[in-house]
Amino acid sequence: LKWLPVMQAHEARQFDYFATPAINLIRALKISLNQIVEEGIENRFRRHLALSRVFKAAMTALELDQIPVREEVAAHTLSAVRYPKGIQASDFLPRVAQEGVVISGGLLPPIKQEYFRVGHMGNISFGDLIGTVSAIEKALHSLGYQFAVGSGVAAAQRAYQEFDLA
(Lines give C-alpha, C1' and ligand atoms only; values in the text may rest on other atoms or scores of the structure.)
Protein backbone atom coordinates (compact mmCIF):
# COMPACT_ATOMS: atom_id res chain seq x y z
CA LEU A 1 0.00 0.00 0.00
CA LYS A 2 2.94 2.34 0.52
CA TRP A 3 3.88 1.95 -3.14
CA LEU A 4 0.41 2.66 -4.52
CA PRO A 5 0.67 6.48 -4.13
CA VAL A 6 4.19 6.35 -5.56
CA MET A 7 2.98 4.42 -8.60
CA GLN A 8 -0.03 6.68 -9.07
CA ALA A 9 2.20 9.76 -8.91
CA HIS A 10 4.59 8.17 -11.38
CA GLU A 11 1.80 7.35 -13.83
CA ALA A 12 0.51 10.94 -13.51
CA ARG A 13 4.04 12.18 -14.26
CA GLN A 14 4.19 13.82 -10.82
CA PHE A 15 7.52 12.43 -9.70
CA ASP A 16 7.46 12.87 -5.94
CA TYR A 17 8.87 9.79 -4.32
CA PHE A 18 11.62 8.74 -1.97
CA ALA A 19 13.25 6.22 -4.28
CA THR A 20 13.13 4.89 -7.81
CA PRO A 21 10.22 2.45 -7.95
CA ALA A 22 10.87 -0.97 -9.40
CA ILE A 23 8.28 -0.50 -12.13
CA ASN A 24 9.54 -3.44 -14.16
CA LEU A 25 9.02 -5.76 -11.19
CA ILE A 26 5.53 -4.45 -10.54
CA ARG A 27 4.56 -4.86 -14.18
CA ALA A 28 6.13 -8.34 -14.24
CA LEU A 29 4.07 -9.22 -11.16
CA LYS A 30 0.92 -8.11 -12.95
CA ILE A 31 1.74 -10.25 -15.99
CA SER A 32 2.56 -13.24 -13.78
CA LEU A 33 -0.68 -12.90 -11.84
CA ASN A 34 -2.63 -12.66 -15.10
CA GLN A 35 -0.95 -15.86 -16.31
CA ILE A 36 -1.90 -17.64 -13.08
CA VAL A 37 -5.52 -16.48 -13.35
CA GLU A 38 -5.67 -17.49 -17.03
CA GLU A 39 -4.31 -20.97 -16.34
CA GLY A 40 -6.41 -21.39 -13.20
CA ILE A 41 -4.84 -22.05 -9.82
CA GLU A 42 -5.97 -25.69 -9.64
CA ASN A 43 -4.57 -26.35 -13.13
CA ARG A 44 -1.31 -24.69 -12.12
CA PHE A 45 -1.03 -26.84 -8.99
CA ARG A 46 -1.75 -29.95 -11.07
CA ARG A 47 0.92 -28.99 -13.64
CA HIS A 48 3.48 -28.41 -10.87
CA LEU A 49 2.64 -31.81 -9.38
CA ALA A 50 2.86 -33.50 -12.80
CA LEU A 51 6.19 -31.91 -13.71
CA SER A 52 7.59 -32.73 -10.28
CA ARG A 53 6.67 -36.39 -10.66
CA VAL A 54 7.99 -36.44 -14.24
CA PHE A 55 11.35 -34.99 -13.21
CA LYS A 56 11.69 -37.17 -10.14
CA ALA A 57 10.88 -40.27 -12.24
CA ALA A 58 13.69 -39.30 -14.61
CA MET A 59 16.18 -38.92 -11.76
CA THR A 60 15.09 -42.27 -10.30
CA ALA A 61 15.67 -43.90 -13.69
CA LEU A 62 19.18 -42.45 -13.66
CA GLU A 63 19.63 -44.02 -10.20
CA LEU A 64 20.22 -40.64 -8.58
CA ASP A 65 19.15 -40.25 -4.96
CA GLN A 66 16.98 -37.30 -4.05
CA ILE A 67 16.43 -35.07 -1.05
CA PRO A 68 14.04 -35.64 0.65
CA VAL A 69 13.73 -39.39 0.34
CA ARG A 70 9.95 -39.57 0.94
CA GLU A 71 7.58 -38.28 -1.75
CA GLU A 72 4.96 -37.08 0.74
CA VAL A 73 7.34 -34.39 2.04
CA ALA A 74 8.93 -33.48 -1.30
CA ALA A 75 8.23 -30.12 -2.94
CA HIS A 76 6.29 -30.01 -6.21
CA THR A 77 8.19 -26.95 -7.40
CA LEU A 78 11.80 -27.98 -6.84
CA SER A 79 13.86 -31.16 -6.85
CA ALA A 80 17.11 -31.67 -4.96
CA VAL A 81 19.19 -34.45 -6.50
CA ARG A 82 22.37 -35.97 -5.09
CA TYR A 83 25.40 -36.14 -7.35
CA PRO A 84 26.57 -39.68 -8.10
CA LYS A 85 29.86 -40.72 -6.50
CA GLY A 86 32.81 -39.13 -8.23
CA ILE A 87 30.85 -36.26 -9.80
CA GLN A 88 31.65 -32.79 -8.46
CA ALA A 89 29.47 -29.68 -8.67
CA SER A 90 32.38 -27.72 -10.15
CA ASP A 91 32.47 -30.13 -13.10
CA PHE A 92 28.78 -30.96 -13.44
CA LEU A 93 27.05 -27.57 -13.28
CA PRO A 94 29.12 -25.98 -16.09
CA ARG A 95 28.52 -29.03 -18.31
CA VAL A 96 24.77 -28.68 -17.86
CA ALA A 97 25.05 -24.94 -18.57
CA GLN A 98 26.86 -25.71 -21.85
CA GLU A 99 23.57 -27.28 -22.99
CA GLY A 100 21.73 -24.00 -22.34
CA VAL A 101 20.16 -25.20 -19.10
CA VAL A 102 20.62 -23.45 -15.77
CA ILE A 103 20.38 -25.48 -12.58
CA SER A 104 21.78 -24.64 -9.15
CA GLY A 105 24.04 -26.19 -6.59
CA GLY A 106 22.95 -27.14 -3.12
CA LEU A 107 22.20 -24.64 -0.37
CA LEU A 108 22.02 -26.62 2.88
CA PRO A 109 25.47 -25.98 4.43
CA PRO A 110 26.31 -29.47 5.75
CA ILE A 111 25.58 -31.14 2.39
CA LYS A 112 25.60 -28.32 -0.16
CA GLN A 113 28.37 -29.95 -2.23
CA GLU A 114 26.43 -33.23 -2.40
CA TYR A 115 23.40 -32.19 -4.45
CA PHE A 116 21.99 -29.89 -7.13
CA ARG A 117 18.60 -28.21 -7.44
CA VAL A 118 16.22 -28.04 -10.38
CA GLY A 119 13.21 -25.76 -10.32
CA HIS A 120 10.06 -26.88 -12.10
CA MET A 121 7.66 -24.12 -11.16
CA GLY A 122 6.10 -21.09 -12.75
CA ASN A 123 5.62 -21.35 -16.50
CA ILE A 124 7.88 -24.37 -17.01
CA SER A 125 6.59 -26.78 -19.64
CA PHE A 126 7.11 -30.48 -20.27
CA GLY A 127 9.44 -29.53 -23.15
CA ASP A 128 11.55 -27.42 -20.79
CA LEU A 129 11.76 -30.35 -18.40
CA ILE A 130 12.75 -32.86 -21.10
CA GLY A 131 15.48 -30.47 -22.23
CA THR A 132 16.73 -30.24 -18.66
CA VAL A 133 16.74 -34.02 -18.18
CA SER A 134 18.60 -34.42 -21.48
CA ALA A 135 21.21 -31.83 -20.45
CA ILE A 136 21.70 -33.61 -17.11
CA GLU A 137 22.12 -36.94 -18.91
CA LYS A 138 24.65 -35.46 -21.34
CA ALA A 139 26.66 -33.88 -18.51
CA LEU A 140 26.67 -37.09 -16.46
CA HIS A 141 27.71 -39.15 -19.47
CA SER A 142 30.54 -36.76 -20.32
CA LEU A 143 31.82 -37.05 -16.74
CA GLY A 144 31.94 -40.84 -16.88
CA TYR A 145 28.80 -41.73 -14.95
CA GLN A 146 27.58 -45.14 -16.11
CA PHE A 147 23.88 -45.39 -16.98
CA ALA A 148 21.68 -46.27 -19.91
CA VAL A 149 21.78 -43.11 -22.00
CA GLY A 150 18.25 -41.90 -22.65
CA SER A 151 16.77 -43.72 -19.65
CA GLY A 152 15.94 -40.49 -17.82
CA VAL A 153 14.25 -38.95 -20.83
CA ALA A 154 12.31 -42.17 -21.48
CA ALA A 155 11.17 -42.36 -17.84
CA ALA A 156 10.05 -38.73 -17.98
CA GLN A 157 8.03 -39.41 -21.11
CA ARG A 158 6.39 -42.45 -19.52
CA ALA A 159 5.56 -40.51 -16.34
CA TYR A 160 4.13 -37.64 -18.37
CA GLN A 161 1.64 -39.99 -20.03
CA GLU A 162 -0.06 -40.40 -16.63
CA PHE A 163 -1.21 -36.78 -16.73
CA ASP A 164 -3.65 -35.11 -19.07
CA LEU A 165 -2.40 -31.52 -19.07
CA ALA A 166 -3.83 -30.49 -22.45
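Couple of notes before you dig in:
- Qualifying residue in the stretch 10-25 (condition: of a type outside the set (Asp, Glu), part of a helix (DSSP H, G or I), surrounded by 12 or more Cβ atoms within 10 Å (Cβ to Cβ) and in contact (Cβ under 8 Å) with a residue 12 or more places away in the chain): yes
- When Tyr83, Tyr115 are checked against the criterion of being touching a residue at least 40 places away in the same chain (Cβ under 8 Å) and under 18 Å from Lys56 (Cα atoms), a single residue qualifies: Tyr115.
- Residue match in the stretch 92-106 (condition: in a helix (DSSP H, G or I), in contact (Cβ under 8 Å) with a residue 60 or more places away in the chain and over 11 Å from the mean Cα position of the chain (by Cα)): no
- Per-region count, the stretch 142-164, residues closer than 13 Å to Phe126 by Cα, outside any loop (DSSP other than H, G, I, E, B) and open to solvent by 40 Å² or more (accessible area, probe 1.4 Å): 3
- Filtering the stretch 80-120 to residues that are within 23 Å of Val54 (Cβ to Cβ) and of a type in the set (Asp, Glu) leaves only Glu99.
- Just one of the listed residues (Glu137, Glu114) is touching a Gly at 6+ places or on another chain (Cβ under 8 Å), among the acidic types (Asp, Glu) and open to solvent by 30 Å² or more (accessible area, probe 1.4 Å), and it is Glu114.
- Scanning the stretch 55-91 for residues that are out of contact with any His (no Cβ under 6 Å at 6 or more places or on another chain) and assigned to a helix (DSSP H, G or I) yields Lys56, Ala57, Ala58, Met59, Thr60, Ala61, Glu71, Glu72, Val73, Ala89, Ser90, Asp91.
The values are calculated or read from the model by the stated rules, or taken from the named source; none is laboratory data. Because the structure is predicted, anything quoted here is derived from the model rather than measured. A quick note on method: Cβ atoms are made from the backbone with ideal geometry, for glycine too, and the neighbour counts reach across all protein chains shown. Accessible surface is based on the protein model in full, side chains and every heavy atom, while ligands, DNA and RNA are left aside. Shrake-Rupley method; radii C 1.70, N 1.55, O 1.52, S 1.80 Å.
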